[in-house]
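Data block below; observations after.
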Amino acid sequence: MTWDHWEQLKADAAQKHLDHMQLNHLPPDGTGGGDGGQQGDLTANQQDLAAVGDSAFKLFESLGRYGRDAWSSSQTAARDLTTQKFETGGGLHVVQAQWEIQLKSLLDACAHISNHMDFTKKIHQGDEYFISDTVSSISTLDKGFESDGRKS
């Protein structure tokens, strides 16, 4: 590969990056992205949050139930291979130990996601009640400013 070719590849990659991703600001035309020119906030409804939390919980349960199915046979194979002076026995033991570490990390992450979705759902539900009560209070206050059935 020549230096010029390398420079061209870098320039092409940089241009593709600029064309495909913009973070933390609106595009220069101010349209708000690919939503037909509408601007808005990121939203998630209770069903979205519940679905993510439920999926994380199901994954947590399945990993907990089936994630260690091969542990016993892997440990037996590692021990037998090591006893027979095969170096792959030690390697298999290392792989099994690493699998256990990764499995624990994944189980922790699934539990964290599930719990966080439950927490987020409860917090947002509380926000909805607060906003609803606040808006209701405003209409009650407005009635106090009415005179002769009209607002002044």
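None of the figures in this text is laboratory data; all of them are computed from the coordinates on show. Source: prediction; values computed, not measured. FYI the Cβ positions are ideal-geometry reconstructions off the backbone, even for glycines, and counts take in every protein chain you see.
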Which FRET efficiency value, to the nearest 0.05, is calculated for residue 65 and residue 123 with the Förster distance at 30 angstrom and r the Cβ-Cβ distance?
-> 0.50
Return the sequence-ordered ³J(HN,Hα) values of the range 4-12 in whole Hz as given by the Karplus equation 6.51 cos²θ - 1.76 cosθ + 1.60 applied to θ = phi - 60°, using x for Gly and Pro.
-> 4, 5, 4, 4, 5, 4, 5, 5, 4
In whole Hz, the Karplus estimates of ³J(HN,Hα) for the range 60-73 (6.51, -1.76, 1.60; θ = phi - 60°; x where Gly or Pro) are 4, 5, 5, 5, x, 7, 10, x, 10, 4, 8, 4, 4, 5
Can you give the extra length, in nm with one decimal, that the chain gains between residue 101 and residue 14 once fully stretched, where that is 0.36 nm per residue apart less the Cα-Cα distance?
-> 27.6 nm
Return the sequence-ordered ³J(HN,Hα) values of the range 75-87 in whole Hz as given by the Karplus equation 6.51 cos²θ - 1.76 cosθ + 1.60 applied to θ = phi - 60°, using x for Gly and Pro.
-> 5, 5, 5, 4, 5, 5, 5, 5, 4, 8, 6, 8, 5
